[in-house]
Amino acid sequence: MNSKENSADGPSQKRRHGYTEQEITRRLIEAIFEQRLPPGERITEAKLAEIFGVSRTVVRASMGKLSEIGVFKKTPNLGYTIAAPSRAEARMMLDVRKMIEPGMVHSIALTRSAEDLERLNHHIATEEAARNAGDRSTLVRLTGEFHLKLAEISGNVYLVHILTQLQVLTCLAILVHAESETGCPRDEHSSIVRAIAVGDGEKAAAKMAHHLSHIADELQLDRPRPEPSLESALQWLGGLGRAS
Ligand SMILES: [Zn+2]
């Protein structure tokens, strides 16, 4: 939930004044976290400029940054295609996250302040409220934002950048590959926070590793399902892949 949107300066107010580049980037990331942007679909610069009430130059600056991290792919004359990560790409994302996030929570468990813990507990409470209210879009966004909140608490700006990219792309991969799209499994975030609360770094790391394995399971990365490739399609078309 964004407190700014509850103020007088809400989205409709902003639209009249035009969004800033940073706000556009944030809104697009939120839209992906809420699973509102369908992977593989195209969106034009002109349409985005109209929606946000800004010039195409402002849109281009925001989309340029999001394209650099692979969230959109620039398509000449057509605008941008929303990334649809392959299974192989999703596996690589989860592999990197498994290298980073257990270490991150281990460190947080040893250094966290009372205020950090309060922020995490508050986040868990808002996730739970969204779950109880059946507000699925908010819930999936909040479960994604939990991981970014941890990166923010770590105080490491590089970690925030890397995890923003990985979390956004993981959300898109979930939309493409997962059978259920309900975000992070229930209670796993709270068990990580409980380990952080008692300063047990080893336990927090183990809980995070388990949690990321769970997400990988949802994506069914271990199920053999060949990626379609142009190479094999051309071989098939040429008759090399045919049984008869
Ligand atoms: Zn999670």
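The values are calculated or read from the model by the stated rules, or taken from the named source; none is laboratory data. Quantities reported herein were computed from a predicted structural model and do not represent experimental measurements. Neighbour counts are summed over all protein chains in view; Cβ atoms, including those assigned to glycine, are modelled from backbone coordinates with ideal geometry. Quick note on the areas: whole protein, heavy atoms, side chains included, nothing else; ligands and nucleic acids left out. Shrake-Rupley method; radii C 1.70, N 1.55, O 1.52, S 1.80 Å.
Screening the stretch 41-125 for helices (runs of 4 or more DSSP H) wholly inside it with 2 or more residues that are under 17 Å from the mean Cα position of the chain (by Cα) and not hydroxyl-bearing (Ser, Thr, Tyr) returns the ranges 56-68, 87-111. Residue pairs whose Cβ atoms lie under 9 Å apart, sitting 6 or more positions apart in sequence or on different chains, and linking a residue in the stretch 138-149 that is free of Cβ contacts under 8 Å to residues at least 40 places away in the same chain to a partner that is near the ligand (Cβ under 10 Å from one of its atoms), are 148/167. Among the candidates 240, 212, 221, the residue that is surrounded by 19 or more Cβ atoms within 10 Å (Cβ to Cβ) and modelled with pLDDT under 75 is uniquely 221.
May I ask you to say which residue of 193, 160, 176 is open to solvent by less than 60 Å² (accessible area, probe 1.4 Å) and touching a residue at least 60 places away in the same chain (Cβ under 8 Å)? Show your work before the answer.
Values: 160 fails: touching a residue at least 60 places away in the same chain (Cβ under 8 Å); 176 fails: open to solvent by less than 60 Å² (accessible area, probe 1.4 Å).
Only one candidate qualifies: 193.
Checked against (1) within 23 Å of residue 216 (Cα to Cα); (2) surrounded by fewer than 16 Cβ atoms within 10 Å (Cβ to Cβ); (3) without any contact (Cβ under 8 Å) to a residue 60 or more places away in the chain, residue 72 passes all but a single condition, namely (2).
Give the stretch 75-99 a look and list any residue that's in contact (Cβ under 8 Å) with a residue 24 or more places away in the chain and either at positive phi or open to solvent by 40 Å² or more (accessible area, probe 1.4 Å) (or both), or say none.
Within the stretch 75-99, 78, 79, 84, 88, 89, 91, 96, 98 qualify.
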